[in-house]
Amino acid sequence: KAVLSKSGGNAADCSVTGGNLSFIKGRKYPDFAVQDVQIKTTEIIPNGEVTISWLVKNIGEVSALEGWKESVYLVDKEKTVEYFLGSQNHTELLTAGQTISQNVTFKMKGYPGLDGEVYAKVVLTPYADSGELESTRANNTKVSDASVTLAKLLTLSLSQTTISEEQASSVQGFLYRS
């Protein structure tokens, strides 16, 4: 990673895309920032719902030229294992300094591969012509400061739910662990 500077020592406005370095002389640009990610659900249960809220702010100097996509995850305590909750696209244009609030409820699948202490993670991916420089995208991902417990769940599934007393058949059971 290199920092390019102007003669006065100030950082030069530039961006690297596909190995090409672009200098932006005198141009101002939008800068999306994901902020204040929170899990609103007090305890998460597999097959249940989880509500996540967050803010998206354009901290740049001009309006965005296009929208963005938000992808939302639950992550473990070490932030190494992710469970994808869902994504949504936004076509509205954020003006400089404008903030929008998001509050989305996702349906959990039965066996997320995580349990215990989890955090919410939001990743904002700007559309190609949004105007945001690749070099300013470090603030496009945010993990919640507080965690919530994702409950462990054992589920028993039977091959038959009823059998006749006179019937000499077997019943199979399957035990699933979240």
Study note, to complete from the structure: Per GNM of the chain with C-alpha springs under 10 angstrom, the most fluctuating residue out of 45, 163, 100 is 163
Revision key, fill the gap. On the accessible surface of the chain, probed at 1.4 Å with all protein chains in place, carbon and sulfur together account for a percent value of 49 percent
**Study point:** Cα-based convex hull, the chain, per residue volume (Å³, whole number)
**Key:** 166 Å³
**Study point:** Net charge contributed by nearby residues that have their C-beta within less than 10 Å of residue 148 (K/R +1, D/E -1)
**Key:** -1
Revision key, fill the gap. Per the charge dipole of the chain (beta-carbon charges, Lys/Arg positive, Asp/Glu negative, Cα centre), the residue among 71, 175, 51 reaching farthest to the positive end is 71
**Study point:** Probe 1.4 Å - accessible area at residue 137, Å² to nearest ten
**Key:** 80 Å²
Check your understanding: How large is the dipole of the range 68-178 about the Cα centre if only Lys and Arg carry +1 and Asp and Glu carry -1, each at its Cβ, rounded to the nearest 20 debye?
Key -> 100 debye
Review point. About the Cα centre of the range 63-122, what is the dipole size in debye to 20, counting +1 per Lys and Arg Cβ and -1 per Asp and Glu Cβ, all else neutral?
Key: 100 debye
Revision key, fill the gap. Computed about the Cα centre, the charge dipole of the range 129-178 from +1 Lys/Arg and -1 Asp/Glu charges at the Cβ has a magnitude in debye, to the nearest 20, of 220 debye
Study note, to complete from the structure: With residue 68 itself left out, Lys, Arg at +1 and Asp, Glu at -1 over residues whose Cβ is under 14 Å from its Cβ give -3
Review point. Of 97, 143, 18, which is farthest on the positive side of the dipole of the chain, counting Cα position, with +1 on Lys and Arg Cβ, -1 on Asp and Glu Cβ, and the Cα centre as origin?
Key: 18
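The values are calculated or read from the model by the stated rules, or taken from the named source; none is laboratory data. Just so it is clear, the structure is predicted and the values come from calculations on it, not from any experiment. Reconstructed Cβ throughout: ideal geometry from the backbone, glycine too, with neighbour counts over all protein chains shown. When the accessible area is computed, the model is the full protein with side chains, heavy atoms only, and any ligands, DNA or RNA have been set aside. Shrake-Rupley method; radii C 1.70, N 1.55, O 1.52, S 1.80 Å.
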